[in-house]
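The values are calculated or read from the model by the stated rules, or taken from the named source; none is laboratory data. Every value quoted in this text rests on a predicted model; they were computed, and no experiment measured them. Cβ placement follows ideal geometry from the backbone for every residue including glycine, while neighbour counts extend to all protein chains displayed. Heads up: the accessible areas ignore ligands, DNA and RNA and are worked out on the full protein's heavy atoms, side chains in. Shrake-Rupley method; radii C 1.70, N 1.55, O 1.52, S 1.80 Å.
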Amino acid sequence: MTHALSSNPSALIQESALARPLDLRYPSNRYAAGGALAAAVTARLLGGSWADALGVGGAAFLAWATARELDPDHPETATVALPVAAAAAWMGGPGNPVPGLAALSAVRVMAGTVGRDPTTVDLAALAGQAGLAAATGEKAAALLPAVTPYTTPGTTSLWPMVGALVPAVSGGARASLPATLTGLAALVLAPRLIEPELIVAECDHPPRTVQPIRVQRARQAAVLTILGGVVTGQTRSLVPLAAAALAIGLRRQG
């Protein structure tokens, strides 16, 4: 069941299943901010444009954040995902940041790490992200937020699916060899990645704890999205998701 729309902005944030501020008191969060900045600066120093540098830094941060959602018990996987995404984005060129953000939002709601049910505003945000991804030709990425309400207990909404049906007005970022290799590597490890795993992490808002079945569903959805990106040649914009999945697969393989 979704919450009613509130007119209080602070209440919207407090009730949201998407809002998760970056608390720099935690070392892992400082690593994420510093690592993304370092990736952007390095890309610029190596001859990239400012737009490319920001794209590399953004991909690095989104990979870290996505890994934290898909593997809440193990911050070290996010530590690995960040440089993997930065390297793939730098070598192959950064993709559209919207699909990476849409994937992060979708797996966050699916996994339920915040500990809140999605509000009407959350579902509107998912619909908007799905629509933007679809409009920019990133159909594989658009489907992840579109199916989120149907994989989240107590939540139903057609709007994200409607967003994914928005006609494309551009061809999307398409593929690059580093991005495709990252996606393929994640798919090779997918059988291990999606196996059930005990989760002990607490949600941001106790007394809820993260439910293992929800994390498993989020991982399964991530794998299907990466597969869709590889098949359709839309891997560049899915680098953050693929890097996160790859890092988790490597941890579980080891």
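Odds and ends about this structure:
- Number of the exception - residue 21 against (1) under 17 Å from the mean Cα position of the chain (by Cα); (2) surrounded by 13 or more Cβ atoms within 10 Å (Cβ to Cβ): (2)
- Taking the criterion of being among the hydroxyl-bearing types (Ser, Thr, Tyr) and without any contact (Cβ under 8 Å) to a residue 24 or more places away in the chain, the only residue of region 193-227 that qualifies is 209.
- Odd one out for residue 124 among (1) closer than 28 Å to residue 209 by Cβ; (2) small (Gly, Ala, Ser); (3) in a loop (DSSP other than H, G, I, E, B): (3)
- Contacts under 6 angstrom Cβ, first residue in region 20-41 being within 17 Å of residue 77 (Cα to Cα), partner open to solvent by 90 Å² or more (accessible area, probe 1.4 Å) and in a loop (DSSP other than H, G, I, E, B), 6 or more apart: 30/24
- When each of 230, 169, 162 is tested for being open to solvent by less than 70 Å² (accessible area, probe 1.4 Å) and either in contact (Cβ under 8 Å) with a residue 12 or more places away in the chain or out of contact with any strand residue (DSSP E or B) (no Cβ under 8 Å at 6 or more places or on another chain) (or both), the lone residue that passes is 230.
- Restricting 102, 85, 89 to residues that are closer than 18 Å to residue 142 by Cα and of a type in the set (Gly, Ala, Ser) narrows the list to 102.
- Residue-level check: of (1) over 28 Å from residue 131 (Cβ atoms); (2) of a type outside the set (A, V, I, L, M, F, W, C); (3) assigned to a loop (DSSP other than H, G, I, E, B), residue 28 misses just (3).
- One residue from 249, 254 being out of contact with any Pro (no Cβ under 7 Å at 6 or more places or on another chain) and open to solvent by less than 40 Å² (accessible area, probe 1.4 Å): 249
- Per-region count, region 129-159, residues open to solvent by less than 60 Å² (accessible area, probe 1.4 Å) and under 27 Å from residue 216 (Cβ atoms): 19
- Residue within region 33-46 that is surrounded by fewer than 18 Cβ atoms within 10 Å (Cβ to Cβ), β-branched (Val, Ile, Thr) and over 15 Å from the mean Cα position of the chain (by Cα) present: yes
- Failed item, numbered, when residue 184 is tested on (1) closer than 20 Å to residue 104 by Cβ; (2) open to solvent by 10 Å² or more (accessible area, probe 1.4 Å); (3) in contact with a helix residue (DSSP H, G or I) (Cβ under 9 Å, 6 or more places away or on another chain): (1)
- Subset tally (residues that are outside any helix (DSSP H, G or I), open to solvent by 10 Å² or more (accessible area, probe 1.4 Å) and under 22 Å from residue 197 (Cβ atoms)) for region 63-97: 3
- Residue 55 falls short on exactly one of the conditions (1) under 25 Å from residue 233 (Cβ atoms); (2) open to solvent by 50 Å² or more (accessible area, probe 1.4 Å), and that condition is (2).
- Test set (1) in contact (Cβ under 8 Å) with a residue 12 or more places away in the chain; (2) in a loop (DSSP other than H, G, I, E, B) - residue 47 fails condition number: (1)
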